[in-house]
Every structure is written in structure tokens, then in C-alpha cells.
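Below: one structure, written as C-alpha cells.
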Ligand SMILES: Cc1cc2nc3c(=O)[nH]c(=O)nc-3n(C[C@H](O)[C@H](O)[C@H](O)COP(=O)(O)OP(=O)(O)OC[C@H]3O[C@@H](n4cnc5c(N)ncnc54)[C@H](O)[C@@H]3O)c2cc1C
């Protein structure tokens, strides 16, 4: 049996950020991270599109992302750790209706200093060789596609390498003498009475009880505090002890296309939108197919966040579906960007979003010495630093967390009991 002060289940980006921020505040604590995989960030973190944006309809999501991105920029620019962070921008291609819906959000965020630039459809058509007018196209009509009315470019957005972020937290945590055990599978949470009486079958309902650690395939780990940061697997543990977290797993798929054809190369390296000289991360009008540029590899990543009727399903190793690209993404994509005609993915991968079905925000709370840190709802990379800081403040019982850049955040706003967030409308 192992004993420690804090055991963190999950060495994904949230688990490691949390472990690091707790250890940074308390170098004397014995903090142990365990993960079933053989290295850091091999769960949903490894399957992410590794992009970031500071555009959310909710102020809380905006703040979590904005302050984390500032921290990553500081790590790269001031500490000299290459996170492969590049401000390529996010370009939202919007139908007239979507533009009308987004505008109040942009106006609100402009007060918080969010910069954005608007483009007329015709200008984008010229610069990106984009079909902005689909009128008269019967297939587009069947697909329910709309004309592009305008484009909105968010410059404080872009791409990063999730693996580099994870390695940064891992290294910093280890430098502080944190401990990580890979290849350890947690089987269950251990619940014990706060005042054990030594009677078989404890704890009984009349006893006050607490989570006192985890049972793993490598033995028992006892801890004063257990932090559950197991991503999409969180509900599996909580259901077993009757704790609600409102997190559900949902498969997301990414398909990689090489920019081999000259017209695709031209699209990938379209200049004038950012200092990198590539196309921005681009979001098509609803149903919102996503195009993530990978300029250093000469590749595009394509995805689509499907909702109804895809099941919430926990899978150990989710697989991409060829038909999802061929009958889904491809059909929509070529209507707007004909450059992709006859292009097939050379590789693909799938992972799990850990969706907070209540409001699309992370969930950070503590109950009976168990802390839960998760539910980043498909944007955990871009919010991981802030989430780690909020979790560390919760660990210390503080009312407010100091996010990077000096902004304060009320810890209970992301809890369950006194949760105070507006529903996120721009989840993609
Ligand atoms: C296709 C896709 C695209 C995405 N794109 C983006 C993006 O562009 N930008 C962005 O910010 N976010 C994106 N996300 C979301 C982002 O990847 C997640 O929000 C983030 O990785 C969640 O981190 P986590 O640490 O909570 O979970 P995870 O990375 O899944 O970490 C949880 C860890 O817990 C471990 N674990 C689980 N069960 C056990 C057990 N029984 N025993 C031991 N260990 C266990 C797992 O092995 C895993 O390492 C994307 C996700 C997907 C799937």
C-alpha cells in the first residue's frame, strides 16, 4: 500500500496542470499522479485538434481560455519552451442568420478587449477561392447548406501542440519532486468511514464517510485528497459512488488530408490573415465542418462535431469511421472549398469529448475529500492552465483563484452546488 497527500487520477492535460499547480503552491506535499497509459497525455489530450480560441459566448469560458493562452504565450516567449503555439487565427464563415446571432457575443467580448475583424463574403471568395454562394446547387440545398454572408477573424486564436503543453507540466511537476506512475489502472475509489470502528461492511449509512484513495491494479493508494481528472472516464468512477458530475463521453473524429495538389497548397499557405502565412483555422457555416491548418506538416485536419443522434458512449479505443468523412465532412467541404474534390484522408483518429451537458463548462468541485476536475467539453487544451489554477485554489479552500495575468475567478462558479455560468452557445 502507498500513502500520499494527494493522488491525481489521470495524466492528461487537466490532471497534470492540476498536479503542477497544487505542487507549486505546496512543494512539501507528496503528490502522486497515476495513469493507465505508459506516458503523459495519451487519452483525449492526444486526440485533440490542438487549437485554441478566445471566442466563447460565455464570459467564464472566455476568461478560462484567454488567461490560459496568455500563460502558454508566456511559457513560449519568456521561458523559451517551444509549445508550437502560433496565432494563425480562427475564421468563422457565417450565414446571415449566424452572423446575426454572433454579433451580440462579439460586441460583449469587445468590452473585454477581444479583437476581431470582419470580411465581406466576396473578399473571402477571392482570397481563399471559396464558394460563398450556393444558390442553385441542388446538392447544397439537400445538405441544407447556406451561403457565406460574412467572415469574422479572431486573431487571438490559433494552433499549439498539446503534447508540448503536457510535457511542460509533466517536467515542471517532476522538477518539484512530484511523482508519476504510468501503466497503473485505477479500478475504483476507496470509500471509508471518517472514524472507522473496525466493523466488517463499513461504512454504514449512519457513518460519515470519505474517499480515502484508489484501488489500482498495482495495489492500494491511500491519500488525504483524491483528485479525479480522468477525462471522459470520470462518470464511470462517480456513478459507482453515487456522485453526479453531468459529464458524458462523445466520440469526435479527425481526418488528415495532405496539401499535395497545387490548389490545396495555395489554400493552406494563403497569406494575409496572420504572421504565419497560412489559412486560419476555419469554421464553415452550420453544420460547422472544421478545417485546422497544419502548415509545418503541409496538412489539413478536418473534423465535425456531430450531435444528435450520436450516442454518448464510453469507448476504450474509439475508431474513426470512413463513412463519416465520405458521406459527411467531404460532401459539405467540397461545396465551399472545391479544391478538396477527390481528396481522401491519408490518416484519421478519434477521441472522446467529455461534454458537460448542463452548460458546456468545466466542472471543478469537491465532495468528501474527492476533487473532480473535468468536463472541459472539447476545449480542455486551451483552458488547462486556468482549470489547474482553479482546482489548486479549491484544494486550498480559497474562494477565489488567481488566473494567469492577475485575473480573479470565483472557484464555486465551476462547482456543482453554487454553479454560476451561462450556457455556452459556441461549443464546436
Ligand atoms: C477529436 C478531438 C478534438 C479536440 N480538439 C480540441 C482543440 O482543438 N482544442 C482544445 O482545447 N481541446 C480539444 N479537444 C478536447 C481536449 O482534448 C480535452 O478537453 C482535454 O484533452 C481533456 O483533458 P483531460 O485531462 O480532462 O482528459 P484526458 O486527456 O482524456 O486525460 C484523462 C486521463 O485519465 C486516464 N485514465 C482514465 N481512466 C483511468 C483509469 N481507470 N486508471 C488510470 N488512468 C485513467 C486516461 O488514461 C487519460 O490519460 C478535442 C478532443 C477531441 C476528442
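Computed from the coordinates by the stated procedures, all read-outs in this text should not be read as laboratory data. Predicted model, so just to flag it, every value in this text is computed and none were measured. Here the Cβ positions follow ideal geometry from the backbone for every residue, glycine too, while neighbour counts run over all protein chains shown.
Observations
- For region 281-353, the spread of Cα positions along each principal axis, largest first, Å: 35, 27, 21
- With helices as the sole contributors, the chain gives -7500 deg cm²/dmol at 222 nm; each DSSP H run of n ≥ 4 counts as -39500 (n - 2.57), and the sum is divided by every residue.
- Of 226, 270, 282, the one that fluctuates the most in a GNM where the chain has Cα springs shorter than 10 Å: 270
- Normalised by the number of residues in the chain, the average gap of Cα pairs under 8 Å and 6 or more apart makes the relative contact order 24 percent.
- Unit Cα scatterers, Debye sum, the chain: log10 I(q)/I(0) for q = 0.06 Å⁻¹: -0.26
- Comparing Cα centroids, region 36-57 and region 163-177 end up 15 angstrom apart.
- Each label point was placed 7 Å from the Cα along the Cα-to-Cβ direction; for residue 38 and residue 199 their separation is 4.8 nm.
- Average Cα contact separation per residue, region 264-328, under 8 Å, 6 or more apart, as relative contact order %: 19
- Cα point-scatterer Debye curve for region 274-428, base-10 log of I(q)/I(0) at q = 0.14, 0.15, 0.21 Å⁻¹: -0.87, -0.95, -1.34
- The GNM of the chain, with springs linking C-alpha atoms under 10 angstrom apart, assigns the highest mean-square fluctuation among 95, 209, 57 to 209.
- Euclidean distance of C-alpha centroids, region 380-401 and region 201-276, integer Å: 16
- Percent breakdown of C-alpha pair distances by 5 Å bin, ordered from the shortest bin, for region 187-316: 2, 8, 12, 13, 11, 9, 8, 9, 8, 7, 6, 4, 3, 2, 0
- Value of relative contact order over region 211-284, rounded to a whole percent, pairs C-alpha under 8 Å and six or more apart: 13
- The chain: most fluctuating residue of 299, 142, 373 per GNM, C-alpha cutoff 10 Å: 142
- The distance from the alpha carbon centre of region 72-98 to that of region 303-373 is 21 Å, rounded to a whole number.
- Convex hull projection area averaged over all views, region 16-119, Cα basis, nm²: 9.5
- Between residue 73 and residue 239, the C-beta separation translates, for a Förster distance of 45 Å, into a calculated FRET efficiency of about 0.70.
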